[in-house]
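Engineer: One structure follows; several queries about it will come next.
The values are calculated or read from the model by the stated rules, or taken from the named source; none is laboratory data. These numbers were taken from a predicted model, which means no experiment stands behind them. Counting neighbours? That spans all protein chains shown, and the Cβs are built from the backbone with ideal geometry, glycine included.
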Amino acid sequence: MNILFTTFEITTVNKSGFTKPLNDDFRSTIRHICTLKTIENLGYFLRYLKPIESCESVCDINVFKQGIQPLWEDENNLGGGKWIIKLRKEVGHRLLERLIIHLIKGPFSTTDVNGVVASIRPKFYILSIWTRTCPKTNEVKNIIKEIRNLLKVGNEVEVCFKDNDESLRDNSSFKNTTRYTEN
């Protein structure tokens, strides 16, 4: 068995017919799928992960370090935020796999990542990379470069950032983001 550097939890939130609950109610919508402790667990999960483009329901797939919830108010997420990449559904599965493998094989070199979320919607999906801290101005360029290199996407793909304090204030993950269009 090849043990991972840390344990990860895979959870989902089904948002079909979803009305936005209060934070305590949202916590109850999170469903545990599996725990990844080894490379073999990861291989099994990826082998049985349904291709995103075939998903008909609106849902989130969350991959977080054990003990960290995919919640803005989780103590490990409070001082951080999320890097957001909106993509066509057709490329979703490949990029999600790439991101999960990178997260699990070892830490990002430019930022402390708590987890990743794939938000599956009818015509597109959103990848979010959740960080423990918000980036300093001088770190932004290198973080975006690492994300683009990892996903193998160019400047045509917009990368945004939103801090979790702002998400708590406006009760949204995707409104009022800071957009970055260049490396």
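Engineer: Within the stretch 114-136, does at least one residue satisfy the condition of being basic (Lys, Arg), in contact (Cβ under 8 Å) with a residue 12 or more places away in the chain and either assigned to a helix (DSSP H, G or I) or buried (at least 20 other Cβ atoms within 10 Å of the Cβ) (or both)? I'd like the intermediate steps shown before the answer.
Structural biologist: As a first pass, look at the stretch 114-136 and keep what is basic (Lys, Arg): 121, 123, 132, 136.
Now restrict to residues that are in contact (Cβ under 8 Å) with a residue 12 or more places away in the chain: 121, 123, 132.
This time we only want the ones that are either assigned to a helix (DSSP H, G or I) or buried (at least 20 other Cβ atoms within 10 Å of the Cβ) (or both), so: none.
Checking the stretch 114-136: not a single residue is basic (Lys, Arg), in contact (Cβ under 8 Å) with a residue 12 or more places away in the chain and either assigned to a helix (DSSP H, G or I) or buried (at least 20 other Cβ atoms within 10 Å of the Cβ) (or both).
Engineer: Here is a follow-up. Output the qualifying pairs, or none if there are none: Cβ atoms under 7 angstrom, residues six or more apart or on different chains, first residue in the stretch 78-94 and within 15 Å of GLU158 (Cα to Cα), second residue surrounded by fewer than 19 Cβ atoms within 10 Å (Cβ to Cβ) and of a type in the set (Val, Ile, Thr).
Structural biologist: ILE85/VAL157; LEU87/VAL157
Engineer: Sticking with this one: So which residues in the stretch 137-166 are among the hydrophobic types (A, V, I, L, M, F, W, C) and outside any helix (DSSP H, G or I)? Give the steps one after another, and end with the answer.
Structural biologist: Filtering the stretch 137-166 for residues among the hydrophobic types (A, V, I, L, M, F, W, C) gives 140, 143-144, 147, 150-151, 153, 157, 159-161.
Correct list: VAL153, VAL157, VAL159, CYS160, PHE161.
Engineer: Being assigned to a helix (DSSP H, G or I) and hydrophobic (A, V, I, L, M, F, W, C) is the filter; apply it to the stretch 1-55 and report the residue that is modelled with the lowest pLDDT.
Structural biologist: So in the stretch 1-55, the residues assigned to a helix (DSSP H, G or I) come out as 23-29, 39-48, 52-54.
The next check asks that each one be hydrophobic (A, V, I, L, M, F, W, C); those that pass are 26, 39, 42, 45-46, 52.
On the way: PHE26: 80, ILE39: 93, LEU42: 93, PHE45: 91, LEU46: 90, ILE52: 69.
So, considering only residues that are assigned to a helix (DSSP H, G or I) and hydrophobic (A, V, I, L, M, F, W, C), the one modelled with the lowest pLDDT is ILE52.
Engineer: May I ask you to list the residues in the stretch 60-95 that are under 24 Å from GLY43 (Cα atoms) and at pLDDT 90 or above? Show your work before the answer.
Structural biologist: Step one: filter the stretch 60-95 for residues under 24 Å from GLY43 (Cα atoms), giving 60-70, 89-95.
Residues satisfying the conditions are ASP60, ILE61, ASN62, VAL63, PHE64, LYS65, GLN66, GLY67, ILE68, GLN69, PRO70, LEU95.
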